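Working notes, structure below.
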4 protein chains.
Amino acid sequence: MTALRAAPEWRTAQWFNTTAPLSLEALRGQVVMVCAFQMLCPGCVSQGLPQAQRVEETFRGQDVRVIGLHTVFEHHEAMGPKALEAFLHEYKMTFPVGVDEPDGVGIPQTMRAYDMRGTPTTLLIDREGRLRRHAFGHLSDLQLGAEIMALLTEAPLAAVQGSTDGVCTPDGCS
Amino acid sequence: MTALRAAPEWRTAQWFNTTAPLSLEALRGQVVMVCAFQMLCPGCVSQGLPQAQRVEETFRGQDVRVIGLHTVFEHHEAMGPKALEAFLHEYKMTFPVGVDEPDGVGIPQTMRAYDMRGTPTTLLIDREGRLRRHAFGHLSDLQLGAEIMALLTEAPLAAVQGSTDGVCTPDGCS
Amino acid sequence: MTALRAAPEWRTAQWFNTTAPLSLEALRGQVVMVCAFQMLCPGCVSQGLPQAQRVEETFRGQDVRVIGLHTVFEHHEAMGPKALEAFLHEYKMTFPVGVDEPDGVGIPQTMRAYDMRGTPTTLLIDREGRLRRHAFGHLSDLQLGAEIMALLTEAPLAAVQGSTDGVCTPDGCS
Amino acid sequence: MTALRAAPEWRTAQWFNTTAPLSLEALRGQVVMVCAFQMLCPGCVSQGLPQAQRVEETFRGQDVRVIGLHTVFEHHEAMGPKALEAFLHEYKMTFPVGVDEPDGVGIPQTMRAYDMRGTPTTLLIDREGRLRRHAFGHLSDLQLGAEIMALLTEAPLAAVQGSTDGVCTPDGCS
């Protein structure tokens, strides 16, 4: 799996539902599901976000972290931090939500780094920080549940990778 | 039906989806359905507003006017006019929407005048401007369809009320 | 409305959920909604029959009668009276259901008389026994609620027609 | 996992949607999902069977077999083979369905062997033929998708168990 793309670190301006900002790096070892959304996107409100909340509840106690990412690329004035805070409160979303770092008034930085087409977008990142799924639109619950479990059952990093002390590569030995 | 309560005129600060402000008075002769909502109220987004849009489409061409009323009583900063405009655009709501006149930061004026308990609230006002239904929460489509039709089939004012020239009452004759 | 078609009397072999067979004739004066269905028709189970049950409950206490009509035109062996009885019990349907009189193994007699295209079909019959709506497939609840109420608000026969004692016509006086 | 219960072989009287009867034994090596249902059970029609069909489609091409089991324990006359055949045809169910062997007029034999409480019941049987999940009622798609994938990612029998030629145990060597 060495050819798999490493998921770029996200860039965020602010966080909700967490006492401290979260980095993707710090979640290494866990399976991460990112729900990229906009609070005024109908498909996010009716499908993407409720599904993220269901994942949060279904995999509670397992090595799965659900992260919301507010990737605002339109109606910037209507979807500022105050509005988002009220939205998360009213819709009772409990997972951490980061605000994708704005880049002027266009596509925000994380959205650009992942080359997302729009919202909702679902990302699955494995225990080693590699991007394993990038889906624009809606995945079925059956499919998503299966994919998360497939990543969960992959042995954690420490277990699958031997010690690298004293190994050799074409570049030399350590 | 003389004991029926006249529906108070609404007080609005701004309108969307209409070229000019609308008054309840000017809609006399038609059946008016008011959907009082807040754009960050989950029950409004999932039930009240889609139902209002269905009424708009089902009774098109008949004497029914659907009016949205944005009765913001919480999270005022998150539900300003810019946010509402974006919301109506994204959710493809096509009926006229008035912004209930704020009264400081609490209950807005029309909401107070009608003594609404919260959102969503459905009002039905008959051809003579009388309040015939005031429901907090959700009415079934069957019930709502039936109630609107019951009001529609009431003969318009002109037809049921004879001329008032020369009539007399205890207060005297005209 | 004299040009309206009189609804043909239904022909039935058996009844459920009623102590005695019902005739359309005997329901004169009431609004009758007929839900023609087959117990193995997916659209009937998911939409038509639940809607009929909602009508039964929404218009309870008003002059509306909901009638199920089991118009079996395929899989006759699988949808006999025993099967229908079990079905109505398990699905908790409470309105009267008549079994459309078979006509050999093809289209049953009432279905043929009304020239129905298939199931589910909804019929609305007014207080005077005239067929006012014949819809194949699904009507929305809003539309159906409105149509039933429109028929309900038509004055009953007795009220709109004066006494015929002593009246005269070109044919003579009574 | 040696303490896991081996799933009892099912006992069936007849099959649909397959050219030959299927035995659980013959499916060894694959993950088997059994949807035990009755064609007149509302929860089976609205939830259990559509879910089974979604599993069939979502895991197509993988080592998953979806099996319907018609466990009739009431209304026997209404749910005979002819009725079931029509039902499966109308509802477009494509996975193999076995008829649980009747045991007089009460609980059929497989239902009894698995000690099922009613319908719908979902069973998951792993690649080694062990019963890993027995759920009465409804499992969410997320949960079910995850559980199936967890069983899929368990290495097949041949891979996890070395050759037993020439091995020794306290009982001797082979």
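The values are calculated or read from the model by the stated rules, or taken from the named source; none is laboratory data. The model shown is predicted, which means the values in this text are computed figures rather than measured ones. All Cβ positions, even for glycine, are placed from backbone atoms using ideal geometry, and neighbour counts span all protein chains on display.
Has segment D:103-110 got any residue that is within 11 Å of the chain's Cα centre (by Cα) and buried (at least 18 other Cβ atoms within 10 Å of the Cβ)?
In the first step, residues of segment D:103-110 are kept if they are within 11 Å of the chain's Cα centre (by Cα); the result is D:110.
Filter once more, keeping what is buried (at least 18 other Cβ atoms within 10 Å of the Cβ): D:110.
Yes.
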The residue that is farthest from B:Gln30 (Cα to Cα), considering only those in segment B:138-152 that are in contact with a strand residue (DSSP E or B) (Cβ under 8 Å, 6 or more places away or on another chain) and more than 7 Å from every other protein chain (Cβ to nearest Cβ), is B:Leu139
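Residues checked against (1) among the acidic types (Asp, Glu); (2) surrounded by fewer than 20 Cβ atoms within 10 Å (Cβ to Cβ):
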position: B:Thr12; (1), (2): no, no
position: B:Pro21; (1), (2): no, yes
position: B:Leu27; (1), (2): no, yes
position: B:Met39; (1), (2): no, no
position: B:Val45; (1), (2): no, no
position: B:Phe59; (1), (2): no, no
position: B:Glu77; (1), (2): yes, yes
position: B:Tyr91; (1), (2): no, yes
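Sort out for me the helices (runs of 4 or more DSSP H) sitting completely within segment C:90-174 that have 2 or more residues that are out of contact with any helix residue (DSSP H, G or I) (no Cβ under 7 Å at 6 or more places or on another chain) and modelled with pLDDT of 95 or more. Reasoning before the result, please.
Working: elements: C:109-113, C:141-152, C:157-160.
Qualifying helices (runs of 4 or more DSSP H): C:109-113, C:141-152.
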Residue set C:Arg112, C:Arg133, C:Arg60; condition more than 21 Å from B:Gln143 (Cα to Cα), free of Cβ contacts under 8 Å to residues at least 24 places away in the same chain and either more than 14 Å from chain D (Cβ to nearest Cβ) or touching a Leu at 6+ places or on another chain (Cβ under 7 Å) (or both); output residue C:Arg112
Over segment D:63-89, the set of residues within 8 Å of chain C (Cβ to nearest Cβ) and of a type in the set (Lys, Arg) is D:Lys82
query = Is it the case that A:Arg11 is more than 29 Å from B:Gln47 (Cβ to Cβ), in contact with a Ser or Thr (Cβ under 8 Å, 6 or more places away or on another chain), away from chain B (no Cβ under 11 Å) and among the charged types (D, E, K, R)?
reply = yes
| Out of all the residues in segment A:115-124, is one or more out of contact with any Phe, Trp or Tyr (no Cβ under 7 Å at 6 or more places or on another chain), within 14 Å of chain D (Cβ to nearest Cβ), among the aliphatic types (A, V, I, L, M) and touching a residue at least 60 places away in the same chain (Cβ under 8 Å)? | yes
Determine whether D:Ala36 is under 21 Å from C:His76 (Cα atoms) and not in a loop (DSSP other than H, G, I, E, B). no
| message | Any residue at all in segment B:19-27 that's assigned to a loop (DSSP other than H, G, I, E, B), among the β-branched types (Val, Ile, Thr) and more than 18 Å from B:Thr119 (Cα to Cα)? | response | yes
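For D:Gln47, state whether it is more than 10 Å from chain C (Cβ to nearest Cβ), assigned to a helix (DSSP H, G or I) and in contact with a His (Cβ under 6 Å, 6 or more places away or on another chain). Explain how you work it out, then say what you get.
On the way: more than 10 Å from chain C (Cβ to nearest Cβ): yes; assigned to a helix (DSSP H, G or I): yes; in contact with a His (Cβ under 6 Å, 6 or more places away or on another chain): yes.
Yes: the conditions hold for D:Gln47.
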Of the residues in segment D:61-89 that are closer than 16 Å to D:Arg11 by Cβ and of a type outside the set (A, V, I, L, M, F, W, C), the one that is modelled with the lowest pLDDT is D:Pro81
Residue hits (segment C:1-27; at pLDDT below 95 and either closer than 16 Å to C:Met93 by Cβ or not hydroxyl-bearing (Ser, Thr, Tyr) (or both)) are C:Met1, C:Ala3, C:Leu4, C:Arg5, C:Ala6
Note on segment B:65-98: residues within 24 Å of B:Asp115 (Cβ to Cβ) and among the aliphatic types (A, V, I, L, M) are B:Val66, B:Ile67, B:Leu69, B:Val72, B:Met79, B:Leu84, B:Val97
Those residues of segment A:51-87 that are of a type outside the set (Gly, Ala, Ser) and in a strand (DSSP E or B) come to a total of 6
